[in-house]
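Trainee: Starting off with a structure, shown below.
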Amino acid sequence: MTVKINTKFIQEFVETNELAALEDFVAASHKKIHDKTGAGAEYLGWLDWPSKMEEAELSRLEEAAEKVKSDTDVLIVIGIGGSYLGTKAVQDLLLPAFGAGGTEVIFAGHNISGRYLEELLSHIEGKKVALNVISKSGTTTEPAIAFRILRKWMVDAYGEEAANRIIVTTDEKEGALRKAADKAGYTSFVIPGDIGGRYSVLTSVGLLPLAVAGVDIRSLLEGAALAESTLANPALMENDAYLYAAYRQILNSRGYSVEVMASFEPAMAGINEWWKQLFGESEGKQGKGVFPASVIYSTDLHSMGQYLQDGRRMLFETMVSFTEDQNQTEIPFDEEDGDGLNYLVEKSLHEVNQTAMEATALAHAEGGVPILSLEVPKLDAQHAGYLLYFFMKACAMSAYLSGVNPFDQPGVEQYKQNMFELLGKPGYEK
Ligand code: PA5
């Protein structure tokens, strides 16, 4: 059970000796990660988190999730960036697309749209609601606004009982949310100080709402723990996360500065968004970084396919596929064959989809797009955990290879300063 890189379509673009030339650099960067000596090393807590997470904390999370599930129709996760994208990603990947059942997990605080919040408020009318407000800093404006509005709704709806329906996930000691939790006596969970937002999906940040949504969080962690040990291998040629990182850097240095994450599985849409944040925020600094974009095929072959095939040649694609046929839906025989599809009879949709991927990869490679392919055997919680960890490890390596700190995001501050100034926040006047 691993994520494997398939180099079939990249070989004509990148020579093995180019990879080999990076071996020492990768080994040095591996040392920086594992000895915690690189830039931002104080945020490497995620590295051994899957194997280190304490059973007591996991049980407490499961208990809290059970309580929410027992008396709640809708759990609203309030958070932005790393405080919600991981949950959304795993939820999209693992839960049924239609009518998942159980407690519905929805999101707020990831935008400042009045329309969105009004629609959310009308959706929860008459339902049993709980809040999980998540912010590491505890001071981020978007979730703070949503929390203020939704907390008032909760107090209006439940009175004093509202406090038993609000769970706070934040820093152990610092920030406005921690103070609010302590003052109001909300159940609270800690985001470890040494794990940054976009690397936090496997902590209480993701695990609590995912457990409520019905995801098997122990299997998720198991898969991540396997990735933790497998991807601790320092050798570039034996470590698929490092190979992925090295290929990205080689391609970027040649002017392929946009990476399009492509999957033929629509359930990957959330992972694509999470991955974009992970790589975009970790690498996009000091004028550097591959721009992360994403598509879902074959849907987007009918919108972006033309560009990918024939537009400006600054793109490479990373195709993620699930190799096992888990559904076996076959195309049925039709006496009349009016649609001419009888040639597909007895082929499963999985086979047709895999063939579409192969055909697309061949066409795009021919069109001058380097293609990396990541193969995941199965779509389940263990493999999801493996995949998440795979990307986090690859991202840290990739950022170190390009010479930036993978764990800070100084550029995110600029808009906040401007917004506070323009809104007249005390202390931010010109
Ligand atoms: O990766 C990060 O650190 C950021 O994207 C944060 O997750 C995001 O800005 C939200 O921050 P906070 O959890 O402090 O509200």
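Trainee: As an exercise: evaluate GLY109 against (1) open to solvent by less than 10 Å² (accessible area, probe 1.4 Å); (2) touching a residue at least 40 places away in the same chain (Cβ under 8 Å); (3) more than 13 Å from LEU208 (Cα to Cα) and give the number of the one condition it does not meet.
Mentor: In the conditions (1) open to solvent by less than 10 Å² (accessible area, probe 1.4 Å); (2) touching a residue at least 40 places away in the same chain (Cβ under 8 Å); (3) more than 13 Å from LEU208 (Cα to Cα), GLY109 misses (2) alone.
Trainee: Follow-up. Taking the condition of being under 24 Å from SER200 (Cα atoms) and small (Gly, Ala, Ser), how many residues in segment 334-390 meet it?
Mentor: Residues that pass the stated criteria total 3.
Trainee: Still on this structure, please answer the following. All but one of (1) under 19 Å from SER282 (Cα atoms); (2) open to solvent by less than 10 Å² (accessible area, probe 1.4 Å) hold for GLY81; which doesn't?
Mentor: Answer for GLY81: the failing condition is (2).
Trainee: A follow-up question, please. Any residue in segment 2-31 that is farther than 22 Å from THR230 by Cβ sitting within a Cβ distance under 7 Å of a residue that is modelled with pLDDT under 95 and open to solvent by 80 Å² or more (accessible area, probe 1.4 Å)? List the pairs, counting only those 6 or more apart or interchain.
Mentor: Matching pairs, first to second residue: none at all.
Trainee: Looking at segment 276-289, can you tell me whether even one residue there is away from the ligand (no atom under 16 Å from the Cβ), within 26 Å of LEU47 (Cα to Cα) and open to solvent by 50 Å² or more (accessible area, probe 1.4 Å)?
Mentor: So far as segment 276-289 goes, yes, one or more of its residues are away from the ligand (no atom under 16 Å from the Cβ), within 26 Å of LEU47 (Cα to Cα) and open to solvent by 50 Å² or more (accessible area, probe 1.4 Å).
Trainee: Working only within segment 204-228, note down all residues that are crowded, with 24+ Cβ neighbours inside 10 Å and either among the basic types (Lys, Arg) or within 13 Å of the ligand (Cβ to nearest atom) (or both).
Mentor: Matches in segment 204-228: SER204, VAL205, GLY206.
Trainee: Can you name every one of the strands (runs of 3 or more DSSP E) wholly within segment 69-159 that holds 2 or more residues which are within 16 Å of the ligand (Cβ to nearest atom) and under 25 Å from SER219 (Cα atoms)? Can you show your working first?
Mentor: Values: elements: 74-78, 104-108, 129-135.
The strands (runs of 3 or more DSSP E) meeting that bar are 74-78, 129-135.
Trainee: Another one. For the subset of segment 1-28 comprising residues that are under 24 Å from THR360 (Cβ atoms) and in contact with a Lys or Arg (Cβ under 9 Å, 6 or more places away or on another chain), which member is surrounded by the most Cβ atoms within 10 Å (Cβ to Cβ)?
Mentor: That would be PHE13.
Trainee: With the structure loaded, tell me whether ASP171 is farther than 24 Å from ILE106 by Cβ, more than 12 Å from the ligand (Cβ to nearest atom) and either at pLDDT below 95 or surrounded by fewer than 20 Cβ atoms within 10 Å (Cβ to Cβ) (or both) or whether it fails that test.
Mentor: Values: farther than 24 Å from ILE106 by Cβ: yes; more than 12 Å from the ligand (Cβ to nearest atom): no; either at pLDDT below 95 or surrounded by fewer than 20 Cβ atoms within 10 Å (Cβ to Cβ) (or both): yes.
When the stated conditions are applied, ASP171 does not pass them.
Trainee: I'd like to verify a number: residues in segment 42-68 that are more than 16 Å from the ligand (Cβ to nearest atom) and in a helix (DSSP H, G or I), how many?
Mentor: Number of matching residues: 17.
Trainee: Of all residues in segment 174-197 being open to solvent by 10 Å² or more (accessible area, probe 1.4 Å) and in contact (Cβ under 8 Å) with a residue 60 or more places away in the chain, which is nearest to the ligand (Cβ to nearest atom)?
Mentor: Per the stated criteria, the residue is GLY197.
Trainee: In the list ARG248, ARG254, which residue meets the criterion of being under 23 Å from GLU12 (Cα atoms) and open to solvent by 10 Å² or more (accessible area, probe 1.4 Å)? Steps first, please.
Mentor: On the way: ARG248 fails: open to solvent by 10 Å² or more (accessible area, probe 1.4 Å).
Criteria check complete, one pass: ARG254.
Trainee: Sticking with this one: Would you pick out the residues in segment 316-333 that are more than 24 Å from the chain's Cα centre (by Cα) and open to solvent by 70 Å² or more (accessible area, probe 1.4 Å)?
Mentor: Of everything in segment 316-333, those that are more than 24 Å from the chain's Cα centre (by Cα) and open to solvent by 70 Å² or more (accessible area, probe 1.4 Å) turn out to be ASN327, GLN328, THR329, GLU330, PRO332, PHE333.
The values are calculated or read from the model by the stated rules, or taken from the named source; none is laboratory data. As the structure is a computational prediction, the values presented were derived from the model and not from experiment. Every residue, glycine as well, gets a Cβ built from its backbone with ideal geometry; the counts of neighbours run over all protein chains shown. Heads up: the accessible areas ignore ligands, DNA and RNA and are worked out on the full protein's heavy atoms, side chains in. Shrake-Rupley method; radii C 1.70, N 1.55, O 1.52, S 1.80 Å.
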